[in-house]
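The values are calculated or read from the model by the stated rules, or taken from the named source; none is laboratory data. What you are looking at is a predicted structure, and each value in this text was computed from that prediction instead of being measured. Cβ sites come from the backbone with ideal geometry, for glycine too, and all protein chains shown count toward neighbours. Calculation scope for accessible area: heavy atoms of the full protein, side chains included, ligands and nucleic acids excluded. Shrake-Rupley method; radii C 1.70, N 1.55, O 1.52, S 1.80 Å.
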Amino acid sequence: MDFYELLKHTPPFSNLRGEQLRECVPHLSTRTYPKGTYIFRQGEPHLEYLFFVLSGLVEILLVGEDGEERTVGLLKAGDFFGECLLFTDSYPTTSKTVEDTHCLLIPEVCFEELKSDPDFIGFFSHALAERMRYVYQEVAREQSCLVPWEPRHYRRRLYEIMSSPVVTCLKDNRITEVAQLFAEQQDISSVVILDRSGTPRGILTAKDLVRRVLGASDFKNRLSQTAAALMTEKLVTLPPEAHVYEALLGMVRNQVRHVLVESQGLLLGMVTMGDLVRAQHLDVLRIVDTVNRAPNVKAIAAHMTDIDRIITELVFGDASAEEICTLVTEFYDCITRRLIRLAEEEMLLEGKGRPPTSYCWLTMGSGGRREQILRTDQDSALIYDDPQPGEEEKTAAFFLDLGRRVVSGLEQCGFELCRDQVVASSPEWCKPMREWFLALTRWTLDLNPQVLRLMNIFLDFRPVYGQFAMARSLRRYFYQRLKQAPAVLHFMTRDTLSRRVPLNPFRQVVTERSGPHKDELDLKRAALIHIVDSVRLFALREELLETSTPGRLRQLVDKEVLPKDDAEAFAVAYDSILMLRLRENLRRIAEGKKPCDYLNPRELTRRELAVLKDALLAVSRLQKLTAVAFRVEGL
């Protein structure tokens, strides 16, 4: 066999120069493994070879806590395995031949120089991501017995629960014709309105018919109108393979009770609130409706335990961290918006009037990134339009009062005050647009440690209420400042990379050596924040508007800033660490303890520890990519 020609046309070795390949060839060897042979077993030190299947089949197995072997992959001719020697010092899985298998053994000496090559390591990052994802799923599956919860409750597909066929009519059909459809099919709650091409343009519900026609003072005139005149144009559409949680999120986010299911422009069905009720999602919709109608802060706070229960169900179900974060963020945004409206109503009743100018409420930090699942400290800001001359003091007093009421309401709902007072009730975080512009200018000219820390909180800001265009203007201004002061990203990168991933040269987790958290690891500051900060740097450089870490990673792949396989590994690492942190805190809460980001790695199960180590390896890889991309070395 001509090994030179084989490697020359096999990525990633095809990236080697000709002389490098020729030097490698003498070190190569082949070996045949009979059917049923264990090439290596989980937990064994690696054999210092990368295996390439020439013929046959190899099964990759994961051994559970109960000793059961579960198949996680099947490799055929042309596939690599044993790539863990690039990331770990022992095998995280077992390999076993399904049939007689012939392998090419590539010793570590052949790719020693390539270990620092981003393209080479990136080629194998996909395998690391898949392994992390599967091991995490196994952890979730093992722990799902802690709550009486159907594991795939939120993961069902829409085609499994949708109502079909959908009753429709045309835009120019008269209301009397639409009413006839409701009379003929008494079990329907809505009719979808189509244009002449068959495209959905709106929806008319039975309640709309009663409220807008039968209950109208000009009832007779309404009967002569068309469906287009009275329909609701806001439509939420999803593909049939979308998950139930996505339909639920669409209803919560858009305040609608129907989601259309479409494929390639064809209307296949509809998911209604009734469908979700039958699928056991009534609680989520009920909580959102209750919050939106709450008469005071106390009424909102009374439902926070319901939200906690749903979070627990999601965590110990089969939902990913991003799915949980997205839904819970909608809960918290809904609460914030209701508190703002209540504060406005209170101030009006007290004779303080309505807001004197347009304004926008921002949530920042973990809330801005949509990863604040547990109610930790609140980070918020308020922007308002520049007041008229002579009105500055009065306008500032109004919005500080508004900020104080909302911040206090959030505190009553369990969101603790930030120790540095990074909240909209503070003059530093509640000011007119021109002062925000001046503050950003000062920050970019005086990059001391305190400013860098505040920027890391602020730059994940996301509008929640008010004039969202003001938030976009603020972000555009900051990006203009970055172009004028490119050193900002350099200093932010140095600050980010000054904190290393807690893994020693032997790939063991490094914990606190002394103090109240001796032998423990801070999952947020020692692991999660590394991903968040590094991904933010890339997002700022590329002027992205997205604030969530998974969303930023997807956009960075789309812009070809990060390799897809690397980004996938980083996303899985982020998900794994966030879920491990959340699970540990839910355990603490169940034991009557206060949430805390510290845990003792020795108290983790073998599988949980494997998830943590793999995630930290991916984080270490991200830091190296960040250092190269922003030309910061030697830290």
Fill in the blank from the handout: Only unsatisfied item for E568, checking (1) of a type outside the set (S, T, Y); (2) within 13 Å of L374 (Cα to Cα); (3) in a helix (DSSP H, G or I); (4) open to solvent by 40 Å² or more (accessible area, probe 1.4 Å), is (2)
Handout entry: Scan of the range 390-437 for residues that are among the acidic types (D, E) and farther than 20 Å from L348 by Cβ, ordered by number
Key = E392, E393, E411, E416, D420, E428, E435
Completion exercise
Taking the range 198-222 and keeping residues hydroxyl-bearing (S, T, Y) and modelled with pLDDT under 90 leaves T205, S217
Fill in the blank from the handout: For L540, the lone unmet condition from (1) among the hydrophobic types (A, V, I, L, M, F, W, C); (2) at pLDDT 90 or above; (3) assigned to a helix (DSSP H, G or I); (4) open to solvent by 50 Å² or more (accessible area, probe 1.4 Å) is (4)
Exercise for the section: Filter the range 221-238 for residues that are among the basic types (K, R) and under 17 Å from L181 (Cβ atoms) and give the result. Expected result: R222
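Scan the range 382-414 for residues that are over 15 Å from R354 (Cβ atoms) and open to solvent by 10 Å² or more (accessible area, probe 1.4 Å) and report the count. Steps first, answer last, please.
Taking the range 382-414 and keeping what is over 15 Å from R354 (Cβ atoms), we get 382-383, 386, 388-390, 392-393, 396, 400, 403-404, 406-414.
Those still in the list that are open to solvent by 10 Å² or more (accessible area, probe 1.4 Å) too: 386, 388-390, 392-393, 396, 400, 404, 408, 410-412, 414.
Count: 14.
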Completion exercise
Filtering the range 225-234 down to residues that are in a loop (DSSP other than H, G, I, E, B) and either among the aromatic types (F, W, Y) or open to solvent by 50 Å² or more (accessible area, probe 1.4 Å) (or both) yields Q225, E233, K234
Handout entry: the range 420-452 - residue that is part of a loop (DSSP other than H, G, I, E, B) and within 22 Å of Y359 (Cβ to Cβ) and, of those, most open to solvent (accessible area, probe 1.4 Å)
Key = Q421
Exercise for the section: Filter the range 13-50 down to residues that are among the hydrophobic types (A, V, I, L, M, F, W, C) and within 36 Å of the chain's Cα centre (by Cα) and give me whichever is modelled with the lowest pLDDT. Expected result: F13
Fill in the blank from the handout: Residue count, the range 471-492, condition assigned to a loop (DSSP other than H, G, I, E, B) and open to solvent by 70 Å² or more (accessible area, probe 1.4 Å), comes to 1
Completion exercise
Those residues of the range 325-351 which are open to solvent by less than 10 Å² (accessible area, probe 1.4 Å) and in contact with a strand residue (DSSP E or B) (Cβ under 8 Å, 6 or more places away or on another chain) amount to I340
Practice task
List the number of the failed condition for C169; all other conditions in (1) open to solvent by less than 70 Å² (accessible area, probe 1.4 Å); (2) in a loop (DSSP other than H, G, I, E, B) hold.
Solution key: (2)
Problem - Long-range neighbours under 8 Å by Cβ, at least six apart or interchain, first residue free of Cβ contacts under 8 Å to residues at least 40 places away in the same chain and in a strand (DSSP E or B) within the range 383-406, second among the aliphatic types (A, V, I, L, M) and open to solvent by less than 70 Å² (accessible area, probe 1.4 Å) - result: none
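So which of I577, I529 ends up being assigned to a helix (DSSP H, G or I) and either free of Cβ contacts under 8 Å to residues at least 40 places away in the same chain or among the polar types (S, T, N, Q) (or both)? First the steps, then the outcome.
Numbers: I577 fails: either free of Cβ contacts under 8 Å to residues at least 40 places away in the same chain or among the polar types (S, T, N, Q) (or both).
Criteria check complete, one pass: I529.
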